[in-house]
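Novice: My questions all concern the structure below.
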Amino acid sequence: MTDTQPALEVLPRDISAYREGNTGVDYVHRFESGKPGPHVLINALTHGNEICGMVAATHLLDSGVRPKLGTLTVSFAHVEAYNAFDPAKPFENRQIVHNLNRVWSDEWLDGPEDSPELRRARALRPVVAAADHILDIHSTSQDVVPFWVYPDFERNARVATAIGLPPVHLVMPSGLGSGTPLIQHGLHAGADAPGAAMVVECGQHFKQSAADLATEVTLRFLAHFGLIDREGATPEVAAQRRFELLQTHLIKSEDFRFVRPLIGFETFAEGELIATQGTDEIRAPCDDCTVFMPAQRVIVGREAVYLTKPL
């Protein structure tokens with residue numbers, strides 16, 4: 001499994017001008033309308049090379065978007081990793097030590113370990129906790145159809161369906177199985193959470209279409225909760241496809257191999273072999289088992305593949 005060099009249609013830009021926000025946390029900007037309404041967090045760059053979120057967040061700031069009610073917070077999460085981007089190695093700056101989207105449990109945040117990701121998560125902790133609704137913007141290493149990822153609560157499904165795109169949903173009935181993501185931090189994890197908390201995977205990291213989708217979904221998200229008006233915009237609601245996360249497998253050894261090259265959304269019959277590592281086998285737990293986000297490189301400790309079933 002090796003990365004092929006993708007076309008770099010969208011590259012990082014200097015975002016140092018956004019460092020000084022108004023919350024006491026670098027790269028976090030908050031705008032209060034002075035009117036009652038929800039607090040919506042738009043979060044970009046949870047992973048350093050997922051550039052589409054930067055495009056969406058800078059669009060909000062550069063175009064002067066302000067909430068007509070409630071509160072809007074715009075956050076650039078992992079700027080340290082973002083600034084480490086090397087166009088010759090465009091997949092290398094996803095993270096520096098830890099995956100910033102797996103450390104949002106009290107065990108990690110209150111624990112003794114230290115890393116750039118843990119320091120940043122600890123700084124962002126009150127920002128995430130303050131939000132009613134969260135849109136966490138991501139992208140994928142492979143050029144696959146965009147999709148939502150969210151815990152299996154009606155509040156999330158309702159928002160994703162109303163926004164209309166992307167029309168593919170990855171539903172987590174019991175978390176990711178490999179750590180705690182930002183959208184399940186604290187109160188956001190429970191059935192009585194203050195609102196929707198969702199990831200949107202916008203497409204391949206460096207494609208213009210991913211940046212365009214990230215911006216469009218962000219604007220639709222804000223309009224859905226009434227923070228902005230979008231005159232003349234009637235969101236199209238395509239036929240929705242939903243998948244339930246069944247299993248998350250981690251890479252445990254350097255000899256991990258898929259039985260054939262995978263990019264995502266391939267299907268396997270029940271019992272069919274998907275991958276091996278040493279004498280261990282990963283087999284499909286059901287018919288029409290659909291693969292999400294198969295690893296493109298063998299890095300021990302990272303996710304190998306998500307196995308799902310269509311709903």
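The values are calculated or read from the model by the stated rules, or taken from the named source; none is laboratory data. What you see is a predicted model, and the numbers here were worked out from it, not measured in a lab. A quick note on method: Cβ atoms are made from the backbone with ideal geometry, for glycine too, and the neighbour counts reach across all protein chains shown.
Novice: With the condition kept exactly as written, say whether any residue in region 99-110 is in a loop (DSSP other than H, G, I, E, B), in the same structural domain as residue 205 (by TED's automatic domain parsing) and without any contact (Cβ under 8 Å) to a residue 12 or more places away in the chain.
Specialist: Yes.
Novice: In region 174-184, how many residues are out of contact with any Ser or Thr (no Cβ under 8 Å at 6 or more places or on another chain) and either of a type in the set (Lys, Arg) or at pLDDT 95 or above (or both)?
Specialist: 3
Novice: Shifting gears a bit: Yes or no: region 60-69 includes at least one residue that is of a type outside the set (A, V, I, L, M), within 16 Å of residue 129 (Cα to Cα) and without any contact (Cβ under 8 Å) to a residue 60 or more places away in the chain.
Specialist: No; the residues of region 60-69 include none that is of a type outside the set (A, V, I, L, M), within 16 Å of residue 129 (Cα to Cα) and without any contact (Cβ under 8 Å) to a residue 60 or more places away in the chain.
Novice: If I go through region 189-198 residue by residue, how many of them are closer than 21 Å to residue 248 by Cα and either hydrophobic (A, V, I, L, M, F, W, C) or crowded, with 16+ Cβ neighbours inside 10 Å (or both)?
Specialist: Residues in region 189-198 being closer than 21 Å to residue 248 by Cα and either hydrophobic (A, V, I, L, M, F, W, C) or crowded, with 16+ Cβ neighbours inside 10 Å (or both): 3 in total.
Novice: Take the residues of region 167-186 that are surrounded by 21 or more Cβ atoms within 10 Å (Cβ to Cβ) and part of a loop (DSSP other than H, G, I, E, B): which is farthest from the chain's Cα centre (by Cα)?
Specialist: Among those residues, the one meeting the criterion is 185.
Novice: Right, here's the next one. Picking from 214, 121, which residue would you name as being in a helix (DSSP H, G or I), touching a Ser or Thr at 6+ places or on another chain (Cβ under 8 Å), at pLDDT 95 or above and buried (at least 20 other Cβ atoms within 10 Å of the Cβ)?
Specialist: 214
Novice: Residues of region 124-143 being part of a loop (DSSP other than H, G, I, E, B) and acidic (Asp, Glu), which ones?
Specialist: 132, 143
Novice: Of all the strands (runs of 3 or more DSSP E) wholly in region 240-311, which have at least 1 residues that are within 18 Å of the chain's Cα centre (by Cα) and within 21 Å of residue 166 (Cα to Cα)?
Specialist: 241-250, 289-292, 303-310
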